[in-house]
Each structure stands twice: as structure tokens, then as C-alpha cells.
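Novice: Take this structure first; my questions come after.
The values are calculated or read from the model by the stated rules, or taken from the named source; none is laboratory data. Keep in mind that what you see is a predicted model, and the values were worked out from it rather than measured. Glycine gets a Cβ as well: all are built from the backbone with ideal geometry, and neighbour counts include every protein chain shown. Areas reflect the complete protein model, heavy atoms only, side chains present, ligands, DNA and RNA absent. Shrake-Rupley method; radii C 1.70, N 1.55, O 1.52, S 1.80 Å.
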Amino acid sequence: MNSPLDRGGHVGRESFWTSDPYDLLKAGDDFTLADQATDAHSGFDGGKHDGAAALAEGASILADLQERLFAAGTVGDQRRVLLVLQAMDTAGKGGIVSHVVGAVNPGGVRYKGFKKPTKEELSHDFLWRVERELPAAGQIGVFDRSHYEDVLIGRVRELAPAAEIERRYGAINDFESQLVDDGTSIVKVMLHLGKDEQKSRLADRLDRPDKHWKYNPGDVDERLLWDSYQDAYQTVFERTSTEHAPWFVVPADRKWYARLAVQHLLIRALEELDLGWPPADYDVDVERKRLAAS
């Protein structure tokens, strides 16, 4: 099986991937968020133009793998992939959805953007609304924000007692472990945006009338709690970056790199499934003759 480093990182004959971003971006033991650069292009020895070309080449690889996954699901294969996207505002989650996931057949994708919980959702355990949006067999699921909001904003804004927040870390680990046992490959990505870069992106939304609709005054309120959110993310990585569902922290100041890195992680997750095409459940030669005679 080819690795995405061999396939998706090539532009023409030259590979700009010098190291596998899977290892470079994984939040392993002794990981410290504060030490991670937000403007890096880890493992990719090229610029924006090279990244765009690599993304385009990787798109065809990703689309082929997604079709294989979907085809397998039609014949009873229970495997699926779940991409979890978390980030501070303006980090580029929407761009990942459009430019990376958008390259595959939408019929094989289940997307959910999680907003503030409704009254009904608050009447249940925090995982209730998440379980209802999981991808089916053969699908790529995308969570734009997720159950991690309940230990991020929930912690920073003190929306639940400390004991309940503490319980949720363990509940998340148990939940994700069960998903993996049931055939779900989980790719958890935190888009790591710099504070100055966020300020620039918010200012751009105010300067451009075509982006006013994207600006939310509440984003500044959350920005004032930046350090508290960074601490909350650090705790998330320490408590929930597991062997079966590790976290990947992707530098997000360069949008082109963030998209390329997430594409790479998705390609790797799908290639690890070693997906073939399901065999025909009919006699191909007989059907050729029937078709020719029709």
C-alpha cells in the first residue's frame, strides 16, 4: 500500500514532503501547545504555489479512496472515517470543509456544524446530540466543532460544574474507544491559529462588506479569553489524545498548509483501511451478453 507521503505529496516528479506530518503534528506525550508555531509548514519544503499543486493532486487520491470506502459500505463493510475539526474562530474550518472534503463526492459525506446546544439537547447528556450525527458505514463524517466544545467553552465559560467537566474527559475517551471498536477511524484536528493572525482576519471581515456576514461581535468576547482557551486545549490534549484517537495540531496561519496537512491526514486514514473494490455479486460475462443482446 502506498503512503500518502509517496502519493499525495508529489508535484510533478518532485516531492515537497520531507517528513510525514502525521508524526510531526501528533500531540503525543509531553506535548505543549504553547511551544507550537502557528505559521510553520511542518514537513513540507515548498511554498504556497507548491502547496496548491500538491492539494490538487491529493484531491484525486482522496476522491478515489472515498469512493472505495462508499462502495465497501454498500456491501456491508461497517468502516467509516470521522474528521473532527476544532479551532478558535477564523482558523479556517470552513476552508477545510470546502477545499479538502469538498473534493470528494458529497453523497459519501455527512457534515455537521455544531452550534450552541438547543433546549432539547441540554436536557440530555452532552454526547446525545453527537451520537445522532455520526457517519454511517461507508461515509466520511465531518464535525465542525464537536463534543469537545463541552470541555472547551464549557470549561472556560464555566457552563458546567468542575466535577462534570472532569467526568466528560473520561466519557469522551470511552465514547471514542467504542467508535473505533465499531469500525470508525477518527482524525481529530485542532487548527492552531496565532492570536495576531486572528486579529488580522477579524479586521479583514470588518473591512470588506462581502465579509460582514461572517463577523460575529462575540468573537471578540471569546478572543479576550484567549489564554484560558489555550489552557483548555492543552488539557484536552493531555486527557484525550489517545493511541486509538490521537490529536493532531495543525499550524493554521498559512491556510494553504493547513488544508494540505488535513488532506494528508485523511488520505493516510483511508489508505490504512486498505480498501479494495467490492467484487460483483453477479456473473459479469453473463451480464455482458445480456446487455449486448438488449
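Novice: Residues being in a helix (DSSP H, G or I) and open to solvent by less than 80 Å² (accessible area, probe 1.4 Å): count how many of those fall in the range 108-124. Walk me through how you get there before you give the answer.
Specialist: Initially, the range 108-124 is screened for residues in a helix (DSSP H, G or I), giving 108, 119-122.
Checking which are open to solvent by less than 80 Å² (accessible area, probe 1.4 Å) leaves us with 108, 121.
Counting residues in the range 108-124 that are in a helix (DSSP H, G or I) and open to solvent by less than 80 Å² (accessible area, probe 1.4 Å) gives 2.
Novice: Further question on the same structure: For the structure I just gave you, tell me whether Gly94 is more than 23 Å from Trp213 (Cβ to Cβ) and open to solvent by less than 50 Å² (accessible area, probe 1.4 Å).
Specialist: When the stated conditions are applied, Gly94 does not pass them.
Novice: Is it the case that Val156 is more than 15 Å from the chain's Cα centre (by Cα), within 24 Å of Ala252 (Cβ to Cβ), open to solvent by 20 Å² or more (accessible area, probe 1.4 Å) and without any contact (Cβ under 8 Å) to a residue 24 or more places away in the chain?
Specialist: Answer is no for this residue.
Novice: I would also like to ask the following. Could you give every pair whose Cβ atoms fall below 6 Å, whose first residue belongs to the range 60-85 and is closer than 20 Å to Val97 by Cβ, and whose second residue is among the charged types (D, E, K, R), counting only separations of at least 6 or pairs across chains?
Specialist: If the second residue must be among the charged types (D, E, K, R), the pairs left are Ile61/Arg7; Val84/Lys188; Leu85/Lys93; Leu85/Asp144.
Novice: Considering the range 38-91 alone, what residues qualify as being over 18 Å from the mean Cα position of the chain (by Cα), buried (at least 22 other Cβ atoms within 10 Å of the Cβ) and not in a helix (DSSP H, G or I)?
Specialist: Phe44
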